[in-house]
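What follows is a single structure, written as structure tokens, with notes after it.
The values are calculated or read from the model by the stated rules, or taken from the named source; none is laboratory data. A quick note: this is a predicted structure, and the numbers were derived from the prediction, not measured. Glycine gets a Cβ as well: all are built from the backbone with ideal geometry, and neighbour counts include every protein chain shown. Keep in mind that these areas ignore ligands, DNA and RNA; they rest on the heavy atoms of the full protein, side chains included. Shrake-Rupley method; radii C 1.70, N 1.55, O 1.52, S 1.80 Å.
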Amino acid sequence: MAAHPRAFELLCAIAMLPAGTSYKTLFEWWARGLDGGLGVLKDTSLVEQNGSTIFVLPVIQRYILHDSRFSKQVGMSMIESACRFLEAHASDINNELYKSHSAAISAEEGNLEAVLLTTPEIHETQDGFLLRVIRDGFLLLARHQQRRSARVNVIEHALHLARHFDDNILQGDLLFCYGDSLVQLGQFDKACKELEAALNHFSSASDRTRTTKCRLQLVIAIQSLGGDTFERCQEIIVDAQADCCRAAGDEGLAARCLLYLGMLHFKFRDNPTALDLLTQAEPVLARVKDWEYRAECSR
């Protein structure tokens with residue numbers, strides 16, 4: 001590797017990617033400026049290529065990642081790269097680029113998770129860096145996983161890293177994502193607990209938009225528990241509508257409240273009221289191009 005002074009940095013970077021990656025993704029995102037060392041690593045069989053996937057064999061990976069040899073500078077750079085990748089591909093589900101961005105994240109998901117989980121504890125790094133990694137790394141990846149195939153390893157680790165931060169929005173966002181994931185996994189009791197905790201944080205921060213969305217997701221969790229939950233859920237939706245009114249009149253969010261209220265009435269067999277509410281919600285959701293929730297009106 002003496003032929004290329006930064007070849008070892010490249011080897012460390014590739015060793016951190018357990019799923020391997022493509023040439024384009026490697027040098028566009030993970031190891032910018034280090035492409036000159038790839039030939040050296042291939043010639044010495046330290047790096048392999050199978051089709052379009054570049055990777056390091058497990059035995060070499062374990063050797064390189066040992067604390068006595070691994071470059072901590074490369075490790076921090078890779079964490080930063082993971083955040084940049086996720087920021088660049090974080091699209092709202094109504095965005096026309098959502099499918100392609102989501103597919104890109106899915107293709108690198110194993111690598112993104114492995115890299116982020118190496119993030120040092122708060123006492124080993126600066127607060128500002130750790131906050132960025134939690135917000136722009138862990139939370140974005142956890143939201144992707146919640147939508148695609150809910151898992152909680154990433155969000156639980158993020159909550160552990162964030163436990164010392166007195167930031168109601170951060171804590172609320174993490175708990176909301178955690179509760180939402182638990183709903184997808186069918187753990188409704190725990191989901192209610194986490195969503196209620198998120199709601200407390202959002203209320204403390206006086207963030208009415210977030211409290212509205214959190215209340216609506218809490219309704220889903222409560223309804224999933226079964227039983228006669230009509231009055232409790234109706235009260236929560238009315239509170240959500242009140243919060244929405246205080247959130248600068250977001251008409252799309254107000255329409256979501258009508259949608260949830262309509263679905264609640266439909267579940268409890270009050271079809272005329274349900275139809276009236278859904279009829280009110282549908283054109284507004286169409287006007288604001290909220291296609292995800294508009295589709296719910298037609299179910």
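Per-structure values
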{"read-out": "Residues within the range 156-182 that are surrounded by fewer than 16 Cβ atoms within 10 Å (Cβ to Cβ) and over 23 Å from Thr212 (Cβ atoms), tallied", "value": "6"}
{"read-out": "Positions within the range 1-24 being loosely packed, with under 14 Cβ neighbours inside 10 Å and either within 16 Å of Gly75 (Cβ to Cβ) or within 27 Å of the chain's Cα centre (by Cα) (or both), in sequence order", "value": "Tyr23, Lys24"}
{"read-out": "Entirely in the range 183-299, the helices (runs of 4 or more DSSP H) that have 3 or more residues that are open to solvent by 60 Å² or more (accessible area, probe 1.4 Å) and free of Cβ contacts under 8 Å to residues at least 60 places away in the same chain", "value": "188-204, 208-224, 230-246, 251-267, 271-287"}
{"read-out": "Residue within the range 25-32 that is hydroxyl-bearing (Ser, Thr, Tyr) and either exposed (fewer than 13 other Cβ atoms within 10 Å of the Cβ) or free of Cβ contacts under 8 Å to residues at least 40 places away in the same chain (or both) present", "value": "no"}
{"read-out": "Residue within the range 222-244 that is under 25 Å from Leu130 (Cα atoms) and either among the basic types (Lys, Arg) or touching a Gly at 6+ places or on another chain (Cβ under 8 Å) (or both) present", "value": "no"}
